[in-house]
Amino acid sequence: MKTQLENIYNSALAEIEKAQTINDIDEIRLKYLSRKGEFNSIKKGLKDLSDDEKRTVGAFANQITEELESQLKTKHEKFYQAEMNEKLQKDRIDITLTGKSIPMGKVHPLTQTTNEIVTIFQNLGFSVVAPNLSPEVETEYYNFDMLNVPKDHPARDVQDTFYANIAGNVVLRSQTSGAQIHVMENQKPPIKVIAPGRVYRNENVNARKNNFFHQIEGLYVDKDITFGDLKGVLNEFIRLYFGSARPTRFRSSFFPFTEPSAEVDVQCIMCQGKGCRTCSGTGWLEVLGCGMVDVNVLKGVGIDPDVYSGFAFGMGVERLSMLKYAIDDIRLFFNNDKRFLDQF
Ligand code: DAH
């Protein structure tokens, strides 16, 4: 029996010697050392031996089983390490390589400028009108009639204003001023609002003009509002928007919905008033229109001009953005060139 065990032991050792993989080792263990393996079937014969033989053969059997176990374990460990090394080598990543950059979206410069202007006016106590009081598709009634714009005013001409085919008096608004009427129809003074939004004009597109652009309208109606309040608010706005105390001038002008009316110029930010191409040599840049709300406009919405007065203003967002960031072509805002947009 001992010889039998020895033979099995030797052939097991030979197989372990030849084994190449973890899988081979597992198979050898199964073949020799499992419950149904070769050693166990021989060990079953131990019970027929004398006590003496049992002791020596039994001890020998245990000894070689342990020996095989340990050999298998060593080999297993060796193969495991080798496989692991190979895997680590194959899956190796170079943590010093530079990463791929993921392009980030940005807030459009016009939205940035709008937000900036809106924030300044909010800090001066203005609130933004609800969108339903400032629609882009308007009737002539809100875009012109109620704003005291005469029926024969050239701005109403189809060459300037987009009329909708659906009905003769529907227009794409040519100005945000219509929001003034919606607000005053829906709210009693004191009213202190701004209305940012898109406007449309039937223009030939060039570096200075696009057939849609953006405006911010302002309206302040209360008791005892004076032209002094208007100047104070707009000077403060310009100081905050352009970032320093910059000379302004209020030039007498005309708008049908304000009386008196003015246009506000700011000293040219390119040449500091010396005269350059941007300001056409004048040293001044026109930035907005404004005035005291016309008595006819107040009466139209049922506000008593003997009790209340107000001022209004309107400015172009593109123009303000172009002046601040020295952008020389309005079309850059709209053709989505990443190289342009990435600069903001
Ligand atoms: N709506 C005028 C325009 O589009 C701008 C404007 C001027 C608005 C004077 C006003 C204002 O509210 O008082 O040119």
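The values are calculated or read from the model by the stated rules, or taken from the named source; none is laboratory data. A quick note: this is a predicted structure, and the numbers were derived from the prediction, not measured. Cβ placement follows ideal geometry from the backbone for every residue including glycine, while neighbour counts extend to all protein chains displayed. Side chains included, ligands, DNA and RNA excluded: accessible areas come from the protein's heavy atoms. Shrake-Rupley method; radii C 1.70, N 1.55, O 1.52, S 1.80 Å.
Here are the numbers for the structure shown:
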{"quantity": "Breaking point among (1) farther than 19 Å from Phe313 by Cβ; (2) within 14 Å of the ligand (Cβ to nearest atom); (3) of a type in the set (Val, Ile, Thr), for Thr176", "calculated": "(1)"}
{"quantity": "Residue pairs meeting the criteria (Cβ under 7 Å; at least 6 apart or on separate chains; first of a type in the set (A, V, I, L, M, F, W, C), in region 122-135; second open to solvent by 50 Å² or more (accessible area, probe 1.4 Å))", "calculated": "Leu124/Glu236; Phe126/Lys192; Leu133/Asn186"}
{"quantity": "Single residue of Val317, Val287, Val266 found to be farther than 21 Å from Val199 by Cα and either modelled with pLDDT under 95 or of a type in the set (Val, Ile, Thr) (or both)", "calculated": "Val266"}
{"quantity": "Region 14-47 - residue that is in contact with a helix residue (DSSP H, G or I) (Cβ under 7 Å, 6 or more places away or on another chain) and loosely packed, with under 15 Cβ neighbours inside 10 Å and, of those, nearest to Lys73 (Cα to Cα)", "calculated": "Thr21"}
{"quantity": "Residues located in region 180-211, provided they are of a type in the set (Phe, Trp, Tyr) and more than 13 Å from the ligand (Cβ to nearest atom)", "calculated": "none"}
{"quantity": "Odd one out for Arg246 among (1) surrounded by 19 or more Cβ atoms within 10 Å (Cβ to Cβ); (2) under 16 Å from Val233 (Cβ atoms); (3) away from the ligand (no atom under 16 Å from the Cβ)", "calculated": "(1)"}
{"quantity": "Residues (open to solvent by 70 Å² or more (accessible area, probe 1.4 Å) and among the small types (Gly, Ala, Ser)) located in region 125-181", "calculated": "none"}
{"quantity": "Enumeration of residues in region 311-326 that are surrounded by 13 or more Cβ atoms within 10 Å (Cβ to Cβ) and out of contact with any Pro (no Cβ under 8 Å at 6 or more places or on another chain)", "calculated": "Phe311, Ala312, Phe313, Gly314, Met315, Gly316, Glu318, Arg319, Leu320, Met322, Leu323, Lys324"}
{"quantity": "Qualifying positions in region 224-256 - touching a strand residue (DSSP E or B) at 6+ places or on another chain (Cβ under 7 Å), under 26 Å from Met184 (Cβ atoms) and among the aromatic types (Phe, Trp, Tyr)", "calculated": "Phe227, Phe250, Phe254, Phe255"}
{"quantity": "Residue, farthest from the ligand (Cβ to nearest atom), within region 296-332, restricted to residues that are within 16 Å of Tyr220 (Cβ to Cβ) and among the β-branched types (Val, Ile, Thr)", "calculated": "Val307"}
{"quantity": "Filter pass, Glu236 being within 15 Å of the ligand (Cβ to nearest atom), under 31 Å from the mean Cα position of the chain (by Cα) and within 29 Å of Gln112 (Cα to Cα)", "calculated": "no"}
{"quantity": "Scan of region 54-72 for residues that are over 15 Å from Glu6 (Cβ atoms) and in contact with a helix residue (DSSP H, G or I) (Cβ under 9 Å, 6 or more places away or on another chain), ordered by number", "calculated": "Lys54, Glu69, Gln71, Leu72"}
{"quantity": "Tally, over region 180-198, of residues that are touching a strand residue (DSSP E or B) at 6+ places or on another chain (Cβ under 9 Å) and in contact (Cβ under 8 Å) with a residue 40 or more places away in the chain", "calculated": "13"}
{"quantity": "Matching residues in region 265-295 - criterion: being under 19 Å from Val317 (Cβ atoms), open to solvent by 40 Å² or more (accessible area, probe 1.4 Å) and away from the ligand (no atom under 16 Å from the Cβ)", "calculated": "Thr278"}
{"quantity": "Condition check for Ser261: free of Cβ contacts under 8 Å to residues at least 40 places away in the same chain, surrounded by fewer than 17 Cβ atoms within 10 Å (Cβ to Cβ), under 28 Å from Pro189 (Cα atoms) and within 14 Å of the ligand (Cβ to nearest atom)", "calculated": "no"}
{"quantity": "Members of region 66-106 that are in contact with a Phe, Trp or Tyr (Cβ under 7 Å, 6 or more places away or on another chain) and part of a helix (DSSP H, G or I)", "calculated": "Leu68"}
